[in-house]
1. Can you give me the relative contact order of the chain as a percent, contacts being Cα pairs under 8 Å and 6 or more apart?
2. Find the all-direction average of the projected area of the Cα convex hull for segment 36-170, expressing the result in square nanometres with one decimal place.
3. Sort GLU104, GLU279 so that the residue with the fewest other Cβ atoms within 10 Å of its own Cβ comes first and the one with the most comes last.
4. Can you tell me what the convex hull of the Cα atoms of the chain projects to on average, as an area in nm²?
5. Under the rule of -39500 (n - 2.57) per DSSP H run of 4 or more residues, summed and divided by the residues of the chain, what mean residue ellipticity at 222 nm is obtained, to the nearest 500 deg cm²/dmol?
6. With +1 on the Cβ of every Lys and Arg and -1 on the Cβ of every Asp and Glu, and nothing else charged, how large is the dipole of the chain about its Cα centre, in debye rounded to the nearest 20?
7. Ratio of Rg to Rh for segment 20-108, alpha carbon only, Kirkwood?
8. Just want the answer: with Cβ charges of +1 for Lys and Arg and -1 for Asp and Glu, which residue in PRO129, MET68, ILE199 is farthest toward the dipole's positive end in the chain?
Amino acid sequence: MVWRHGAILVDMEFVQFYPYRLQQPGNIDIMTKIFAKGAFLVNDRGERFMEKYPKKELETRDKLSYAMFKENKVLLDFSAETGSIFQLDSPYLYRLYQKGHEGEWAMSPVQHYCMGGIQTDEWGRTNVPGLYACGEVTGGLHGANRLGGGSLTESLVFGHRAGKVAVQEKSMESIAGIMPSGTEELVDNSPIIGESEMIKKVKEVMWQKVGIERTSLSLKEAADELNLISLNLENENSIQALQIRDKVRSAWASAISAAARKESRGAHKIEDVKKEKKEWQGKNRIHKTSLLFTPLSSKVEMP
Ligand SMILES: Cc1cc2nc3c(=O)[nH]c(=O)nc-3n(C[C@H](O)[C@H](O)[C@H](O)COP(=O)(O)OP(=O)(O)OC[C@H]3O[C@@H](n4cnc5c(N)ncnc54)[C@H](O)[C@@H]3O)c2cc1C
C-alpha cells in the first residue's frame, strides 16, 4: 500500500525462514528446548540429517531451514520427552500429543520475518511527508539477517520514536493529503474473478522461486510472473483488485530485489553464487518500479 504511495522500500530480498514448525498433525510452533532434551529430526530414510552439523537441530534458523528444505520429508522424533518436563518444554506439542496421534509428526520451515520494508530514518520518518513507520513493516534495521527475539525491543524503541516525532511534526495534517489517493474513487466492491487462484499462484511462485532455495533464473522468472499478475489487475477498478495488487507488488518487490543481488548474503542465498561479494555490500532500494543498488560507501539516495 505504501509502495503505491511512493514510499521507498529497502532490503526486500532478505526474508528469514523459521524451521521449528510442525505441519502434521497440527500447525504449531515447536519450542526449541525439546531439541536440547533429546528430540531430533529424521528424513524419510530415518536418518538424522542434522547429525553432521556441530549444533545439530539447534543450528541457526538459516542452516536448519535450508537442510530441512533439501529433504523430501522431515519428521520429528520426541520420544525422549516425557511427562511434566515435556509439558513445560513445549506445551502446544504436549497438548497435541495428549490427544493421541498415531501417524507422522511432520515438520517444515515457514516464512517468518521480512528484514526488508519501508525505509525510515532513525525516527521512523519515511520519504513520504507525514508518513511514519515502525516495526516489521520497516526495513534496513537488521541488515541481511535478524537475530531472534529483537522484534519486541524494536517495536518499543521505534514505536516510541515514530509516535513522538509524528506528534511533534503534526503528521495528521499532511497525512490527510496523501492517504486518500488511489482508493477514494473506488466504489466497486465486487469480488474479482479468480481471486483465490491468483493468491494461490503468488504463494506458489514465492515458495518455489523466491523461497529458501533460490537461483538467479528462478528469481528473474518470479519477478516477471508477479509483474505480469500485477499488470493484469491494472484495469480492474475495484477495492479487492487494488488490495490484491498491493499484495502482489509486495511479493514482486522481494523477487526483484533478490533477482538484482548477484551474491549470497545473510538470509538471501542463491544456488549459483554461494558466496558474499564485496561489490554487493550495500542496499537495494525500490521506488515505484525503479530499483537502485547503492554501495555502502556511496551517498547517492533515491528521491
Ligand atoms: C510465529 C512467530 C513467532 C515470533 N516470535 C518472536 C519472538 O519470540 N520474539 C520477537 O521479538 N519476535 C518474534 N516474532 C516476530 C514479531 O512477532 C513480529 O516482528 C512483530 O510482532 C511485528 O510487530 P508489528 O507491530 O511491527 O507488526 P504486526 O504485529 O504484524 O502488527 C501490524 C498490525 O497492523 C494491522 N494491519 C495490517 N494492515 C492494515 C491496514 N491496511 N489497516 C489497518 N491495520 C492493518 C494488522 O492486522 C496487525 O494487527 C515472531 C513472529 C512469528 C510469526
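Here, each number is a calculation from the coordinates, and none is a lab measurement. Treat the numbers as computed from the prediction; the structure is a model and nothing was measured. Here the Cβ positions follow ideal geometry from the backbone for every residue, glycine too, while neighbour counts run over all protein chains shown.
1. Once normalised by length, the contact order is 23 percent.
2. 11.3 nm²
3. Fewest to most other Cβ atoms nearby, the residues stand as GLU279, GLU104.
4. That works out to 18.9 nm², a quarter of the Cα hull's surface.
5. Value at 222 nm, helices only: -11000 deg cm²/dmol.
6. 900 debye
7. Ratio of gyration radius to Kirkwood radius for segment 20-108: 0.93.
8. The residue sitting farthest along the positive end of the dipole is MET68.
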